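This structure is in structure tokens; I'll ask about it shortly.
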Amino acid sequence: MSHRSPIVKPSLEEIMPLYQELFPRHKIQALVKAAKVKLYWRVLTPLIVVWGFIVQRLQPGQPPPQRRRR
């Protein structure tokens with residue numbers, strides 16, 4: 001028997017403070033430096049790309065991700 005929780009879709013204004021806390025620029029820069037990957041911090045910075053992924057997932061009408069059965 002599985003228990004399903006209701007799907008809650010917070011507004012962008014509600015998740016922005018959490019996003020800023022979890023993904024501050026200095027932490028992302030440190031991760032990039034540690035990975036020894038060269039990225040250009042221009043229009044589509046890693047921060048913007050991660051934010052885009054989050055916003056896309058939270059859009060109304062998006063189905064919940066499917067879990068893989070092992």
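Within the bounds of the range 21-28, is there any residue that is of a type in the set (A, V, I, L, M) and modelled with pLDDT of 75 or more? Working first, answer last.
Of the range 21-28, the ones of a type in the set (A, V, I, L, M) are 22, 28.
Narrowing the set further to residues that are modelled with pLDDT of 75 or more leaves 22, 28.
Yes, the conditions are met somewhere in the range 21-28.
Right, something else. Restricting to the range 1-31, what's the tally of residues that are in contact with a helix residue (DSSP H, G or I) (Cβ under 7 Å, 6 or more places away or on another chain) and among the hydroxyl-bearing types (Ser, Thr, Tyr)?
1
Output the number of residues of the range 50-61 satisfying the condition of being over 16 Å from residue 16 (Cβ atoms) and at pLDDT 85 or above. Break it down into steps so the answer makes sense when it comes.
Start the filter on the range 50-61 by keeping residues that are over 16 Å from residue 16 (Cβ atoms), which leaves 60-61.
Among the residues that remain, those that are also at pLDDT 85 or above are: none.
Result for the range 50-61: 0.
Residue by residue through the range 18-29, note down the ones that are open to solvent by less than 100 Å² (accessible area, probe 1.4 Å), farther than 15 Å from residue 55 by Cβ and assigned to a helix (DSSP H, G or I).
Of everything in the range 18-29, those that are open to solvent by less than 100 Å² (accessible area, probe 1.4 Å), farther than 15 Å from residue 55 by Cβ and assigned to a helix (DSSP H, G or I) turn out to be 28, 29.
Considering only residues that are closer than 18 Å to residue 15 by Cβ and open to solvent by 100 Å² or more (accessible area, probe 1.4 Å), which ones fall in the range 30-60? Reasoning before the result, please.
Taking the range 30-60 and keeping what is closer than 18 Å to residue 15 by Cβ, we get 46-60.
Correct list: 53, 56, 60.
The values are calculated or read from the model by the stated rules, or taken from the named source; none is laboratory data. Just so it is clear, the model here is predicted, and its values are computed rather than measured. Backbone-built Cβ (ideal geometry, glycine too); neighbour counts: all protein chains shown. Only protein heavy atoms, including side chains, enter the accessible area calculation; ligands, DNA and RNA are left aside. Shrake-Rupley method; radii C 1.70, N 1.55, O 1.52, S 1.80 Å.
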